[in-house]
Each structure stands twice: as C-alpha cells, then as structure tokens.
Amino acid sequence: MSNEAANCLFCKIRDGEIPGTIVFRDERCVAFKDIAPRAPMHTLIIPTEHIGLAKDLGHAEAGYRVVLNCNADAGQTVFHVHAHLLAGRVMGWPPG
Ligand code: AMP
Ligand code: ZN
C-alpha cells in the first residue's frame, strides 16, 4: 500500500477504521453519504482500490479534468455510467 493510501480518509471509511454511512459496496466500488451534504442527496462513490490514475499517466501536476455526462442535455450518448479523464491541454470554463 502506498503512503498516500495509508493516510487516506476514504480508504479508512472503506475499511471501517473511521465511521461512515455506507449505502453500497461491492468488490469494485463503495458508496457512502457525504458528511457535509451539499444537496438533499449527496453520496460519494469511490473505487474500492485507491488509485492515482492521472498521476500514473503523468498528468497530475499540470492538471486534468474528470467529467460525468448524465443524460441527453449533458451530451451523454452511451448510457452505461462512465467518467471521462481529460488531460494534456488547457481547458476552458464552463465546458461547452
Ligand atoms: P473533495 O473536496 O471534492 O475532495 O470532496 C471531499 C468530500 O468528502 C467533501 O464533500 C466532504 O464533505 C467529504 N467528507 C470529508 N470527510 C468525510 C467523512 N468523514 N465522511 C464522509 N464524507 C466526508
Ligand atoms: Zn484512498
């Protein structure tokens, strides 16, 4: 286990080392309620394994964006939930 994972709050919630309200768990992901919800329903969904994907791909320092498109107005075309990891260029805000 990396030092980063050893000190990770969410890994500790996943492992029951600190309390959390877990609403879903399988071998791939864990979902639990945010401690300071910003909406009536605010759930955090994490991969079970602590991964540093952008870091591993060499894009963490410069910056990257993770996007989930949800339904038609957001431009989703494939309706199996998926995250886009975008890096390697400067990005504008708001996204088009
Ligand atoms: P971010 O700032 O995008 O990394 O989001 C971190 C989220 O974790 C925030 O929405 C926090 O409210 C939430 N959070 C922090 N500590 C806890 C905790 N002990 N249990 C559940 N959620 C937490
Ligand atoms: Zn972690």
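Only the coordinates and a few stated rules stand behind these numbers; no lab work does. Because the structure is a prediction, the values reported are computed rather than measured. Because the Cβ atoms are built from the backbone with ideal geometry, glycine has one as well, and the counts that use them run over all protein chains shown.
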Q: With a ≥ b ≥ c taken as the square roots of the eigenvalues of the C-alpha gyration tensor of the stretch 52-96, please select rounded if a/c is under 1.5 and otherwise prolate if a/b is larger than b/c or oblate if it is not?
A: oblate
Q: For the stretch 13-32 and the stretch 37-86, compute the distance between their C-alpha centroids and round to whole Å.
A: 18 Å
Q | Label zone at Lys12, where the point sits 7 Å out along the Cα-to-Cβ direction: the stretch 20-64 residues whose backbone N lies under 20 Å | A | 20-23, 30-37, 44-52
Q: First check a/c for the chain, with a ≥ b ≥ c the square roots of the eigenvalues of its C-alpha gyration tensor; if it is under 1.5, answer rounded, and if not, answer prolate when a/b is larger than b/c or oblate otherwise.
A: oblate
Q. Hey, what number do you get for the chain at 222 nm if only DSSP H runs of n ≥ 4 count, each worth -39500 (n - 2.57), divided across all residues, to the nearest 500?
A. -2500 deg cm²/dmol
Q) What FRET efficiency would be calculated for the residue pair Phe79, Lys33, taking the C-beta separation as r and a Förster radius of 30 Å, to the nearest 0.05? A) 0.75
Q. Under a point-charge model restricted to the Cβ atoms of Lys and Arg (+1) and Asp and Glu (-1), what is the dipole moment magnitude of the stretch 1-79 relative to its Cα centre, in debye to the nearest 20?
A. 200 debye
Q | Pairwise label distance in nanometres, Asn3 with Glu49, each label 7 Å out on the Cα-Cβ vector | A | 2.3 nm
